[in-house]
Amino acid sequence: MKYVASSQLPVSVEDAFAYHERHGALQRLVPPWESVEVERTDNSLAVGSEVVLKTSVFGVPVRWVAQHTAYEPPRLFADTQLSGPFAKWCHDHRFEAVGEHSSLTDQIEFDVPFGAIGSLFGGKAALGKIESMFAYRHRVTRDDLTLQAEHPLGVKRVAISGSTGLVGKQLGSMLTLLGHEVIPIVRKQKHESPSEGKMIAAWSGEAAKLADTDVVVHLAGKSIASGRWSDETKRQIRESRVQKTRSLCESLAKLETKPEVLICASATGIYGSRGNEWLDESSSSGDDFLADVAREWENACQPAIDAGIRVVDARFRWVLSPKGGALQKMLTPAKFAGGSLGNGRQWWSWIALDDVLGAIYHAIAKSSLSGPVNFVSSDPITNAGFAKTLGQVIGRPAIFPAPAFMLRAALGEMADALLLSSARVKPTKLTESGYQFRFNDLTQFLKYSLGRERLESTE
């Protein structure tokens, strides 16, 4: 069987090839709905280099070993399966110049196991998975390179705290593929190895190393959704955000050579629960626990502001990805026809993980952007609408609600603050500064991120 798909890319053929050649490209392009782990790779496309993946087929663990068989930069690289789930797999990645831009063509020749019988019963299913995979890969590639084309930053040195979290890990990968240098900020320094690279222990006496950075992205903080909120848990939530942020900003303010911009995570929880009221960055703050924490969190950035560093307070709400956060937790109950939380009328302001990455990149590039910025899509939805849409995408009805009293019994104060509160938030500053969302339609995003889209073969 043969599959061929092409996409136009808004960068030169050299930049398109370089994106695929840099460290972490494979991990960035693995679809989030696939259970795939990179077991071994030397991060090379050279002939003879091998990649070992751990995956599963119908729940059965499978090791997939592939070897690169052609390398002709910036026009071609190719790989073939040595062992794995297919009877045959040969994959060519071809790049061609199209004026000042380029095109990417993936060509795959494959056979499923068990010969004609396997093709009869499994060929169509295998082709469907390949179409979903490359719909995802081509869109990620195109959208990432569009950021590079629209924001020619040069090479930036970016330090990231929370670099192993849902946002930080993907942000570091994307920045690396776009040619920037990424350095994790950690609590304590570990023994460095070539595979780990450089790290900065900003809270353990190494903050002076941040003088060499152009951008600091501060995402670290204790999860607010890991369990019931005891007094000790609330203290840890506040401390991990407020004190750590203030300490980091005081360190940045003392540097002789300061970073150009600090992007610090915050939350739309600062607005509190506001029913149907439309909220933007000019709206007043609320008066509950999360609002208090977010207000103190943003105020903790003041030393950096006073030192002349541009600060962007990135107010997140529901960051959606099958790999973590709210969407990952909702998938299992949705498969069993789970419905709304409480009465379902509360507004959920959501944002696709890829738009979080894109908006951070946009904020780095836009020198006019500072202060609080809502990182949410332009189309908030009620919780009942969210549950219904998710159910439609995965083919399940959303008919069994979770009553508010049960949520409060299970989660206590956290149920009202996170699941039952209503915040109808607009991304006014992002849109006015020219950011183009990758996803504003929830149905489109869920189909993309859950493998329901197809990129059909052009042959």
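The values are calculated or read from the model by the stated rules, or taken from the named source; none is laboratory data. The structure presented is a predicted model; accordingly, all values stated were derived computationally and were not measured. Cβ sites come from the backbone with ideal geometry, for glycine too, and all protein chains shown count toward neighbours.
Could you give me the residue pairs with C-beta distances under 7 Å whose first residue belongs to the stretch 192-210 and is within 14 Å of ILE160 (Cβ to Cβ), whose second residue is basic (Lys, Arg) and modelled with pLDDT of 90 or more wherever it lies, and which are 6+ apart or on separate chains?
Listed pairs, sorted by first residue: ILE200/LYS209.
Hey, does the stretch 134-152 have a residue that's surrounded by fewer than 16 Cβ atoms within 10 Å (Cβ to Cβ), part of a helix (DSSP H, G or I) and among the charged types (D, E, K, R)?
Yes.
Go through the stretch 27-58 and report how many residues are under 24 Å from THR458 (Cα atoms) and either loosely packed, with under 15 Cβ neighbours inside 10 Å or β-branched (Val, Ile, Thr) (or both).
So the count comes out to 1.
Being surrounded by fewer than 14 Cβ atoms within 10 Å (Cβ to Cβ), among the acidic types (Asp, Glu) and in the same structural domain as VAL30 (by TED's automatic domain parsing), is that true of even one residue in the stretch 187-198? So that I can check it myself, show each step before the final result.
Here is the first cut: in the stretch 187-198, the residues surrounded by fewer than 14 Cβ atoms within 10 Å (Cβ to Cβ) are 187-198.
Checking which are among the acidic types (Asp, Glu) leaves us with 192, 196.
The next check asks that each one be in the same structural domain as VAL30 (by TED's automatic domain parsing); those that pass are none.
For the stretch 187-198, residues surrounded by fewer than 14 Cβ atoms within 10 Å (Cβ to Cβ), among the acidic types (Asp, Glu) and in the same structural domain as VAL30 (by TED's automatic domain parsing): absent.
Scanning for something in a strand (DSSP E or B) and in contact (Cβ under 8 Å) with a residue 40 or more places away in the chain, does the stretch 405-415 turn up at least one residue?
no
Is it true that some residue in the stretch 258-276 is more than 27 Å from the chain's Cα centre (by Cα) and acidic (Asp, Glu)?
There is no residue in the stretch 258-276 that is more than 27 Å from the chain's Cα centre (by Cα) and acidic (Asp, Glu).
Which ones in the stretch 133-165 are basic (Lys, Arg) and closer than 16 Å to ALA25 by Cα? So that I can check it myself, show each step before the final result.
The initial filter retains those residues of the stretch 133-165 that are basic (Lys, Arg), namely 137, 139, 142, 156-157.
Of everything in the stretch 133-165, those that are basic (Lys, Arg) and closer than 16 Å to ALA25 by Cα turn out to be ARG137, ARG139, ARG142.
Within the stretch 206-230, work out how many residues are more than 22 Å from the chain's Cα centre (by Cα) and assigned to a loop (DSSP other than H, G, I, E, B).
Filtering the stretch 206-230 down to residues more than 22 Å from the chain's Cα centre (by Cα) leaves 206-213, 227-230.
Okay, now just the ones that are also assigned to a loop (DSSP other than H, G, I, E, B), so 206, 213, 227-230.
Total satisfying the criteria: 6.
So how many residues does the stretch 428-445 have that are within 17 Å of the chain's Cα centre (by Cα) and in a helix (DSSP H, G or I)?
Of the residues in the stretch 428-445, 3 are within 17 Å of the chain's Cα centre (by Cα) and in a helix (DSSP H, G or I).
Name the helices (runs of 4 or more DSSP H) wholly inside the stretch 258-348 in which the number of residues that are in the same structural domain as LYS388 (by TED's automatic domain parsing) and acidic (Asp, Glu) is 3 or more. Quick ask: steps written out before the conclusion?
Working: elements: 289-299, 302-306, 325-335.
Here the list reads 289-299.
I want to confirm something. Restricting to the stretch 349-385 and keeping residues that are touching a Ser or Thr at 6+ places or on another chain (Cβ under 8 Å) and part of a helix (DSSP H, G or I), which single residue is surrounded by the fewest Cβ atoms within 10 Å (Cβ to Cβ)?
Step by step, filter the stretch 349-385, then rank; the result is ALA384.
Taking the options GLN243, GLN170, GLN236, name whichever one is buried (at least 20 other Cβ atoms within 10 Å of the Cβ) and either more than 24 Å from the chain's Cα centre (by Cα) or not in a strand (DSSP E or B) (or both). Give the steps one after another, and end with the answer.
Details: GLN243 fails: buried (at least 20 other Cβ atoms within 10 Å of the Cβ); GLN236 fails: buried (at least 20 other Cβ atoms within 10 Å of the Cβ).
Matching residue, one of GLN243, GLN170, GLN236: GLN170.
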